[in-house]
Amino acid sequence: MLSLSGKRIVIAISGSIAVYKMAFVVRLLIKKGADVRVIMTPASTRFVSPLTFSTLSKYPVFTEVISEEGWNNHVEMGLWADAMVIAPATAKTLGHLAHGICDTLLAAVYLSAKCPVFIAPAMDLDMWAHPATQRNIQKLIGYGNYIVPVGEGELASGLHGAGRLAEPETILSFLEDFFAVRQLMKGKKVLITAGPTYEPIDPVRFIGNRSSGKMGIALAHACAKRGAEVHLVLGPSSLTIDHPLVQVYRVETAGQMHKEALALYSDCDLGIMAAAVADYRPREVADKKMKKSSDQMEITLVKNPDIAADLGRRKMPHQRLIGFALETDQEQQHARGKLEKKNFDAIVLNSLRDKGAGFQYDTNKITILLAQDNKPRVFELKSKAEVAEDILDITNDWWPNESE
Ligand code: CTP
């Protein structure tokens, strides 16, 4: 696989007995054709000398923001890299990175980095299991970093368990997979609608639904991970996404979502209609808060535009469109009907009869129906992130991987 050839990688090392493994990582990266720069925390140089790493990488190794050579430009290094690998990452380093404490060159480069960051922790099993460490890991994942899982086995303390630095080959294949996956949808533009819509009744009330936007946001993450440029039209969800490849357009009503989606789709290769769009809106919107008067009140509703159907009508031969269907009965029949009516290439079916599927959950259970064949693809209950990958895997047939 050529995915690491020519890639600019910053290897950032903190102080652990596992530092010796990084010599193998640097060597393997160089063999794969990567361009490697190494930075070390002062503590890590007590385990392996910087000379080892400068010899292997053929570049000087920096340990301080200000050294004898002068000021080491951490911003420049952070911008130069295609990937930064922090390994071994000690409990202290994880804590500093999670809280933005900038006390080393390593932390300064991390805070300046615009590239994906991979963190491979290494520590004793109790330190690894401590809630403080696990909370820091979750924080770092939340900031968009990738964690290379720790290995299990004998630790430097003599104890057995989880906490070992991943093996050099594992770190390498983690990086290779990342760059290979990033080719899958490179150059593609994707429009995603997500979240609920709110249809105002008066300045304080609205008609809405329980959609959280989680599935659409997971899809936006997954598309960006595959290298696509994502345009996410997001209804009033409490969630958001911060990723350089994802542009978010915030909307409230179905009408606003319709307008944004229509303007964006003509320039996109794929549309994914994950929003729970209100089918109707109040005909009249009061400009002042409505006062309680009679025992009953009636609100006349009028139909909202069907965004997905409109895009389906405008779809050009090179474009694809994926819809969703949330059903309670005769699920596949209803979903197939929607697929045909709205000119989808695929429809993702959720049944409310399945436990853990649908709104608000972190999990989902889906069946995918394709326009091109009659064989439903049935999936197990999975996290929404995994479900997003399953959905995008169907696009592999539409755009065979034009990898490097
Ligand atoms: N959809 C849309 N705009 C609408 C209604 C639905 O874009 N006004 C999209 C949804 O995002 C989903 C698909 O159409 O991808 C199917 O949505 P669903 O609400 O299940 O279908 P409806 O056509 O509204 O049918 P019904 O509510 O009668 O089941």
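The values are calculated or read from the model by the stated rules, or taken from the named source; none is laboratory data. All figures in this text were calculated on a predicted structure; none of them were measured in a lab. When we count neighbours, we look across all protein chains shown, and the Cβ atoms used for this are built from the backbone with ideal geometry, even at glycine. Note: accessible area is taken over every heavy atom of the protein model, side chains too, but ligands, DNA and RNA are not part of it. Shrake-Rupley method; radii C 1.70, N 1.55, O 1.52, S 1.80 Å.
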Exercise. Dipole of the chain, Cα-centred, from +1 at each Lys and Arg C-beta and -1 at each Asp and Glu C-beta, to the nearest 20 debye?
Worked result: 580
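Quote the FRET efficiency, to the nearest 0.05, computed for residue 374 versus residue 279 with a Förster distance R0 of 22 Å and r equal to the Cβ-Cβ distance.
According to the calculation, E is roughly 0.20.
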Exercise. With charges set only on the Cβ (+1 for Lys and Arg, -1 for Asp and Glu), what does the dipole of region 8-181 come to about its Cα centre, in debye to the nearest 20?
Worked result: 120
Exercise. For region 249-317, what is the charge dipole size about the Cα centre, in debye to the nearest 20, if Lys and Arg each add +1 at the Cβ and Asp and Glu each add -1 at the Cβ?
Worked result: 220
For this session: Work out Dmax and Rg for region 189-397 from the C-alpha atoms and quote the Rg first, both in angstrom.
Result: 17.4, 59
Seminar exercise, completed: Quick calc of log₁₀ I(q)/I(0), region 1-61, Debye, one scatterer on every Cα, no solvent, q values 0.12, 0.27 1/Å, result -0.26, -1.11
Problem set entry | Mean projected area in nm² (Cα convex hull; one quarter of hull surface) for region 108-214 | 11.8
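Per DSSP H run of n ≥ 4, the term is -39500 (n - 2.57); total these for the chain, divide by its residue number, and report the mean residue ellipticity at 222 nm rounded to 500 deg cm²/dmol.
Details: 14 runs with 132 residues, N = 404.
Mean residue ellipticity at 222 nm (helix-derived): -9500 deg cm²/dmol.
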Seminar exercise, completed: Place a point 7 Å from the Cα of residue 318 in the direction of its beta carbon; the residues of region 167-198 whose amide N falls under 17 Å from it are 185-191
Exercise. Hey, if you put +1 on the Cβ of every Lys and Arg and -1 on every Asp and Glu Cβ in region 7-65, which of 40, 9, 20 ends up farthest toward the positive end of that dipole?
Worked result: 9
Exercise. log10 I(q)/I(0), Debye, Cα-only region 285-342, no solvent, q = 0.16, 0.21, 0.27, 0.30 Å⁻¹?
Worked result: -0.71, -0.88, -1.19, -1.28
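Given a 1.4 Å probe and every protein chain left where it sits, what share in percent of the accessible area of region 65-150 is carbon and sulfur?
C and S fraction of accessible area: 58 percent.
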For this session: For region 292-404, report the convex hull volume of the alpha-carbon atoms normalised per residue, in Å³, without decimals.
Result: 182
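Using every Cα-Cα pair within region 8-181, state what percent have a distance larger than 27 Å.
Within region 8-181, distances greater than 27 Å cover 18 percent of Cα pairs.
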Problem set entry | Alpha carbon Rg of the chain, scaled by the compact-globule rule 2.2 N^0.38 Å | 1.17
Exercise. Tell me, what is the 1.4 Å probe accessible area of residue 242, in Å² to the nearest 10?
Worked result: 150
